[in-house]
Each structure stands twice: as structure tokens, then as C-alpha cells.
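This report refers to the structure that appears directly beneath it.
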Amino acid sequence: MALTSSSSSSAITALLKPHLQLSNEPIISFSPSFFILSSKPLLSSSKPNVKINFFSSQTAVSLKWRTEASIFSGLFTKSKDIKTLKDELFDAIAPLDRGAEAAPEDQQRVDQIALELEALNEIKEPLKSNLLNGKWELLYTTSQSLLQTKRPKLLRPNGKIYQAINVDTLRAQNMETWPFFNQATANLVPINARRIAVKFDYFRIAGLIPIKSPGSGRGQLEITYLDEELRISRGNRENLFILKMVDPSYRVPL
């Protein structure tokens, strides 16, 4: 069923306005919260202050051996660290109902683990990586636009929430499941290899009734960590989004 006149569109929009959340950060609840740029700095590391006695051949041999050993051990340590941190992250967010049940100390713990993973991120240009393609499930967020914790639980999205991205077609799609089944589709405009501008084109009420996006349906997304199963994104309101890959073959409608 398509809306054929501006009066019909206005009537439906007015009727559903309490549920649409047409704000500056529309995404699934018609708020682009996934797509808001982060101003939060990531962790940075400083170079160690190393002093070497170049006049000692014994020191040079020892340094060479220790450097080679460090390189090989570092490869295993880094891989182990990423796996351990991911396990810790999944364990930390599992009981938090996508963030709705997170106390301030829970949020701090999750954010700290996310920061440590971001510091180990190996995909420096995620928008050039095929690992970004597919359907992702939202596991955790701090965005109230999505969590809607001030609403009665029956009026919140209680089912799974998905976001799909296809970098080859520069398209994105956000999908609620039970009880509303709302959707939103958007065009993506790369700003750099980590950051994209997002321009929503259509929202769908109950997955069926299309409503053209108003001009405010825009935002940005910065991808701060990416691998084959985990994606972390940040928003300019310091919102954190953690997603898990569920279907790498999914294609967003054009």
C-alpha cells in the first residue's frame, strides 16, 4: 500500500508521530542513531622511550634476538587479546537487554572493553572492506532513541533489531522486528575510509506503508572496530553501538 497524496501522508504521520521519533538522530524508531558521528577520542598509544648502546655488539645481538622474539610472540598475543576482549564484551552485554538494563557501572565497563578493542582494530579502512557487507544484529547501545526506556516495555521494540550495509551499492537498511516491524532505508556518502554520511530516503511502517523521509532524516556513522563477526560504531552524542554479523550475504533493496 503506497501513500498517493500529501494529505494522506500527513494524516498517517500525525497519527503515528508518537512512535516515529522523527528527531535529529532517527534510525529504527525513525532515528539515525546508528549513523551519528563520534566526537569521542579513541585510545592512543605512546612510543616507548628506548635507549640503546650502539657501541656494544653484545647489546646489539641481544636486542636483535629480543626484537625478533617480540614480533613473533606479539602476533599470538594480539590475536589472543582480541579474542579475550570479545568474549569479555559479549559476556558483559548479555544480561543487559540491549542496554536497557545497564546501570552506569555496566555502561562504563562495556565502554572500556570497546575502547580496548578499538585500539586493536586491524581494519583501518572499514568502508573498503567486504567484512562490512551484510546484516548485523544490534546487541547493545546507549542510545535512548532506540532503547526507549521511558516507555512501557510493551511499547518498545522487544524483538531483534538489525542494520544492513552494502558498501558496493552504498545502501543501508534498519529493521525492527516484534512488535512494530518498522524499517528505514538510506543512501550512504563516504566522507573518508571510516566515516559515512547517511541520507534516509524511506521509512516503512510495519514494513508495508512507505513514508518518504523528511529532510531531517540524516546523520553520520563512524566505524571504530570491524572484523568478521563484530562491529563497533560511535555517535556524536557519545552513543555506543555494538553489532554482531548474522548474514553476510544479505542485500539491501536499491
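Every number in this text was worked out from the coordinates using simple rules, so none of it is lab data. Note that the structure is predicted; figures quoted are calculated from it, not measured. Because the Cβ atoms are built from the backbone with ideal geometry, glycine has one as well, and the counts that use them run over all protein chains shown.
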Computed D for the range 101-172, Stokes-Einstein, Kirkwood radius over alpha-carbon pairs, 4 °C, 1.567 mPa s, to the nearest µm² per second, is 87 µm²/s
Dividing the mean separation of Cα pairs under 8 Å (6+ apart) by the residue count of the range 164-254 yields a relative contact order in percent of 22 percent
Scoring the range 113-188 by relative contact order with C-alpha pairs under 8 Å, at least six apart, yields a percentage of 24 percent
Distribution output for the range 177-240: share of Cα-Cα pairs per 10 Å bin in percent, first bin at 0, values 19, 37, 37, 6
With the 8 Å Cα cutoff and a minimum separation of six or more residues, the range 82-247 has a relative contact order in percent of 21 percent
The range 179-204 scanned against label point 7 Å out from LYS128 along Cα→C-beta; backbone N under 13 Å for 192-195
In this structure, among LYS83/LYS244; LYS86/LYS153; LYS153/LYS244; LYS160/LYS199; LYS86/LYS128, pairs with alpha-carbon gaps over 19 Å are LYS86/LYS153; LYS153/LYS244; LYS160/LYS199; LYS86/LYS128
Shape call for the range 82-247, from the Cα gyration tensor axes a ≥ b ≥ c (a/c under 1.5 means rounded, otherwise prolate when a/b beats b/c, else oblate), comes out oblate
